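Some notes on the structure that comes next.
The values are calculated or read from the model by the stated rules, or taken from the named source; none is laboratory data. Keep in mind the model is a prediction, meaning the values are calculated, not measured. Quick reminder, even Gly has a Cβ in these numbers, built from the backbone with ideal geometry, and neighbours come from all protein chains shown. Areas reflect the complete protein model, heavy atoms only, side chains present, ligands, DNA and RNA absent. Shrake-Rupley method; radii C 1.70, N 1.55, O 1.52, S 1.80 Å.
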Amino acid sequence: MCGANETPKKPAKKSAKRPSKRPARKPPPQPGEPSLPPAPPPAYVPHCAHYVSYVLTVLDRLVPAGTRCALIGAPLNSNVGDSAIWLGQRALLGALGAEVRYACDLMSYDAGHLAACLPDGPIMLTGGGNLGDLWEDSQLLREQVLRDFPDRRIVQLPQSTHFTDRANLTRARRVFDAHPDLTLLLRDRHSLHRCRTVFEAPALLAPDLAFAVPPDALAGGTVAHDVVWLAREDKESAKGPPAGRGPAQQEHGGPYVFDWTREGADTEWRQAKETLWRSRARALCRAGSGDPAGAVPGLLAAYDGLARLQLARGCRLLTAGRVAVTDRLHGHVLGLLLGLPHVLVADRYGKIRSYWDTWTAHRPPTTAWAWTETEARQTAGRLLAGLRAP
């Protein structure tokens, strides 16, 4: 969603579009079109395999087997969805036979280190929901990488997009259009249409990469509530969390309400996280001491470990309920992966509804959409009653 104040491309610009450095490629199939997908990764959740096969079909055209690449934007935050995306990306690149020769997070990007670790080869930008100006740090890093490496193929892994400020959109378009070998992957049709309208770069549709999370990273927890409500507390929340929170809400028969960006105070979990942060710091020290290539295995191990730690926490929180309600896209994705009955409600910018309309037309009957809090509570009650029925 590039916003109502976007400035579309001028028609004449299309005729003067720069030729891509890479050879022409057959476009990937759109949903519903027959295709012969590659083999799925060694481990995947069977009932979501069609999403994995689809995204592999798209990536196979961009990342040939044996590719050495860079992966930009490892998550260090507490948003479980970002961790799920990271693990899905790692699994998919591994399935394609790609080797990650350089990786960084928002705070550790170094163009010189990237060039030293990967003298040539494509640069992959992590997927998510930050293509735009809602999360400025991620967008600024994306634009910096494009400026630093005009001679590389750069692939933006599946994103949703939203710009609220015309100046930010204009700046992004200038940077994107100046790069001769950028490909944008969008995870919903609305984002796809907007990016094809605004940017010169080829734009393709692909599902969220969290569907490729290995099953051994999806550990459920102990059921403690009938209904849990994963409610955003940030700028993407449509109306803020539902009335009441936690035990006070439950005393009146309501759901247990939380946001997974609040990490809690589990001592063992925090110690594990601190250990991984120290591993990251040691790897960055090694890179800064003149051995960036030698630091990559340690960095990847730290990033993967942090992602698994956050994802396990998110799975425990979700599966603490027999039924979930959420306005987070990855509450929906993880609900599908875990087979958890859940109700989806709107976020502020329409990201979730657009994804729902694009990919989950054949969703299981234990997944539903609700437009209001009241409807969500009623639908969650019906799903709960269905679980209890003989």
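Annotation: amide H of Gly128 within the under-5 Å range of Gln159, Ser160, sequence separation 5 or more or interchain, hydrogens built in the peptide plane. Taking the chain as the region of interest, the number of lysine pairs whose Cα atoms are within less than 22 Å, with members eight or more places apart or on different chains, is 7.
Grab the beta carbon distance between His193 and Glu263, set R0 = 51 Å, and tell me the FRET efficiency rounded to 0.05.
Working: r = 37 Å, r/R0 = 0.72.
The calculated FRET efficiency here is 0.90.
Three principal axis extents of segment 313-390 based on alpha-carbon atoms, in descending order, are 38, 28, 23 Å. At a probe radius of 1.4 angstrom, the accessible area of the chain per residue rounds to 43 square angstrom. Work through the residues other than Asp347 whose Cβ is under 11 Å from its Cβ and net out their charges, Lys, Arg +1 and Asp, Glu -1. So the surrounding residues net to +4. Model label sites at Glu99 and Asp151, defined 7 Å from Cα along the beta-carbon direction, differ in position by 2.2 nm.
Ranking His332, Thr374, Ser354 by how far each Cα lies toward the positive end of the dipole of segment 283-390 (charges on Cβ) leaves Thr374 at the top.
Computed in the context of the full set of protein chains, the accessible area of segment 270-390 at 1.4 Å probe radius has 56% of its extent on carbon or sulfur. Rounded to the nearest 10 degrees, the angle from helix 329-338 to the longest Cα principal axis of the chain is 70 degrees. Within the set (i) 20.9, 66; (ii) 19.9, 60; (iii) 20.9, 69, the number that Rg and Dmax of the Cα atoms in Å takes when calculated for this structure is listed as (i).
Around the amide H of Ile123, modelled in the peptide plane, lie the amide H atoms of Ala70, Arg153, Ile154, Val155, all under 5 Å away and 5 or more residues distant in sequence or on another chain. Rounded to the nearest 10 degrees, the angle from helix 80-95 to the longest Cα principal axis of the chain is 50 degrees. Amide H contacts for Glu99 (H built 1.01 Å from N in the peptide plane; partners 5 or more residues away or on another chain; cut-off under 5 Å): Thr67, Arg68, Cys69. Couplings for segment 147-163, taken from phi via the Karplus curve 6.51 cos²θ - 1.76 cosθ + 1.60 with θ = phi - 60°, read 5, 6, 10, x, 9, 10, 6, 10, 10, 7, 5, x, 10, 9, 10, 7, 10 Hz in order; Gly and Pro are left as x.
Estimated purely from DSSP H runs of n ≥ 4, each contributing -39500 (n - 2.57), the mean residue ellipticity at 222 nm for the chain is -13500 deg cm²/dmol once divided by its residues.
Using the Karplus relation 6.51 cos²θ - 1.76 cosθ + 1.60 with θ = phi - 60°, the per-residue 3J(HN,Hα) values for segment 129-140 come to x, 10, 7, x, 10, 6, 10, 5, 4, 5, 5, 5 Hz, with x marking Gly and Pro. Normalised by the number of residues in the chain, the mean separation of alpha-carbon contacts (under 8 Å, six or more apart) gives a relative contact order of 19 percent.
Averaging sequence separations of C-alpha pairs under 8 Å and six or more residues apart, then dividing by the length of segment 257-390, give the relative contact order as a whole percent. Before the final figure, lay out each step's value.
Working: 111 pairs, mean separation 23.0, N = 134.
In percent, rounded to a whole number, it is 17.
Farthest toward the positive end of the dipole of segment 124-218, out of Thr197, Thr170, Leu209, is the Cα of Thr197, where the dipole comes from beta carbon charges about the Cα centre.
Modelled label positions at Val223 and His362, each set 7 Å beyond Cα in the direction of Cβ, lie 2.8 nm from each other.
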